[in-house]
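The values are calculated or read from the model by the stated rules, or taken from the named source; none is laboratory data. None of these values were measured; they are calculated from a predicted model. Cβ placement follows ideal geometry from the backbone for every residue including glycine, while neighbour counts extend to all protein chains displayed. Ligands, DNA and RNA are excluded from the accessible area calculation, which covers all protein heavy atoms including side chains. Shrake-Rupley method; radii C 1.70, N 1.55, O 1.52, S 1.80 Å.
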Amino acid sequence: MTHDDAEETTLGEDVEPAAAQLAEGIRRRRKAAELSHAQLAVKVGYSREYVRRAESPRKGLPSIDLVRALDHALGDDGTLLALREQADAARQARRRSRAHSLVAGMSISAVPTTVAGVPALALDTDGRADTEVAVQAPPGRFFTGTSIAARAYPASDDGRILAAVPTGFADDMFLRRPRRGLVIGITENEHGVSLFGLDSRQARRRLAGAPEGARLLMSRAYALDDLTLGILWAVANLDEALLDDDATLSDSRGQLAAYEQLPRSAAGREIAADLAPVSRMWLGSQFCASHILRHTDTLTDMPAFWTREQRGEEASTWLLFEHKYDYLRQSAGAASGAGTGPTRAFCIPASAVADSSRPERILLLLAVALMESFGITVDVCAEPEYAAVPGFVFDGHRRAIVANWVGADGIWQVDVTDTTPLLREFADATGYARSHSIAAANTPGERLHALANYLELDWAWLVRRCHELGEYGSAGIAQPRSRLLSTEGVDQACRFLALADQGGR
């Protein structure tokens, strides 16, 4: 048996029948044409890995562009495209049926009865909901988890989403709480149930001064789905920890100022033992960014960066930590006018993709989109042998800046080095990532599209949703309370991804 024949299409309870039929149809036609995966890959202009994965329904639905190319190469009768359309429709129906739990572990609960899987609200004569809804933002590798207070109300859809909130809701204590809250509008039609969210501060602003009986206007951009709930999950977890640790974090920064004068330092976790894991993330990330900027002028050529984030939880810091957005902006400004721009490499093994929920993978893609928006070309290799390479900035010749907080033994580990063995290791790593990047392409849009395919994300859906969310701004659903956070990076990433798909960059 050849390697091409080793993986048979199997249908399990977690695989849509239409997706299995599509995978089997591609496999059957390829074998009838007596083509190996590699030979078919050459004909359609995709990598062998993408072709092989298209025959495994458990690997996710192949992109419509790939299916169109396969259909053309294997018969050109539209059958594969039709199967792909059926599989996509089944997938959308499955998403709607579990609209109350779109994020792995993130759920809307505390209401005893449900309609089509969505909490049903019993309303009294004043139109006030009998019960409050809880949106659970689960823990992660750094996140400790939190619960978001929410109120849910029936909503109508006449092209606008209009939630039937109670009279006088603008002055309700729920909207006046200092901590995070969410107002949820629930619509139902022949296609199923949809949920839309609005940050409680935004809801209060929209209702202030409105006449009695006015409904709450909500944007379609704030549909609760894998994109918005992923952002909400990250903002809520980061926000909660940083707000709780605000004073302690400020004291810790003052105590650690002496380290800034050193070219090499490492800080153990014991010096910030009272801080939550997220706050130690912030402290390590901020110190590493400052360390790199302090020593950038020691580099002799256009820098190549290596970063250790492999999952959306870690990568969300690029999107939401205010200092990281400023760091990217300053790095891009320092490199402007210098010919070819800087590069940044990631190692994202297949195991990290498999272990991450779809919202986490979306956050990871958005972090890459943000970097690309600053003129940074991103390379992504998948070989796990490079997962332990430390974070660094390398000028390709004489010097490297080492800066680690992801996966570091302590809060950070930083250095400035001209040690030949280390420089050789860094040159090998960046060279390999560049020549074996799964996102290798000439334009940012093509690179992001290729990465989305690797992360098993629906590119067309994501482009549409990023365009919508970028237009309205993500603060409408996930406004940070901490002064250390900003959604500016999220919004820039969404707008850039939508424009890059149109060839705008």
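Here are some notes:
- Mean ellipticity per residue at 222 nm, deg cm²/dmol - from DSSP H runs of n ≥ 4 across the chain, formula -39500 (n - 2.57): -13500 deg cm²/dmol
- Value of D in µm² per second that Stokes-Einstein yields for the chain, Kirkwood Rh from Cα pairs, at 10 °C (1.306 mPa s): 65
- Close amide H contacts of L35 (hydrogens built in the peptide plane, cut-off under 5 Å, sequence separation of 5 or more or a different chain): none are found.
- Rounded to the nearest 20 debye, the dipole size of the chain about its Cα centre is 500 debye, using +1 on the Cβ of Lys and Arg and -1 on the Cβ of Asp and Glu.
- For the range 196-278, the residue among A273, L256, W233 whose Cα projects farthest onto the positive side of the dipole built from Cβ charges is W233.
- In Hz, Karplus ³J(HN,Hα) per residue of the range 235-249 (6.51, -1.76, 1.60; θ = phi - 60°; x = Gly, Pro): 4, 4, 5, 5, 4, 4, 5, 5, 5, 5, 9, 3, 5, 5, 5
- Residue ranges 139-152, 216-229 sort as 216-229, 139-152 when ordered by packing (mean number of other C-beta atoms within 10 Å per residue, highest first).
- By DSSP, the beta bridges lying fully in the chain are antiparallel in about 75 percent of cases.
- Remark: the range 381-393, residue by residue, has Karplus-estimated 3J(HN,Hα) of 9, 10, 6, x, 4, 9, 5, 9, 4, x, x, 7, 10 Hz, where x stands for each Gly or Pro and the curve is 6.51 cos²θ - 1.76 cosθ + 1.60 at θ = phi - 60°.
- Each part reduced to its alpha carbon centroid, the range 240-306 and the range 175-189 end up 35 Å apart.
- Highest average first, the peptides 73-86, 440-453 ordered by how many other beta carbon atoms sit within 10 Å of their residues are 440-453, 73-86.
- For A152, distant residues with modelled amide H under 5 Å away: V133, I184
- T146 long-range amide H proximity, modeled H, under 5 Å: A137
- Distance between the 7 Å Cα→Cβ label points at N189 and T298: 6.1 nm.
- The residues of the chain have, on average, 42 Å² of accessible surface per residue, using a 1.4 Å probe with all protein chains present.
- Scalar couplings 3J(HN,Hα) for the range 189-201, obtained by applying the Karplus form with A = 6.51, B = -1.76, C = 1.60 to θ = phi - 60°, are 8, 5, 8, x, 9, 10, 10, 10, x, 8, 4, 4, 5 Hz; x denotes Gly and Pro.
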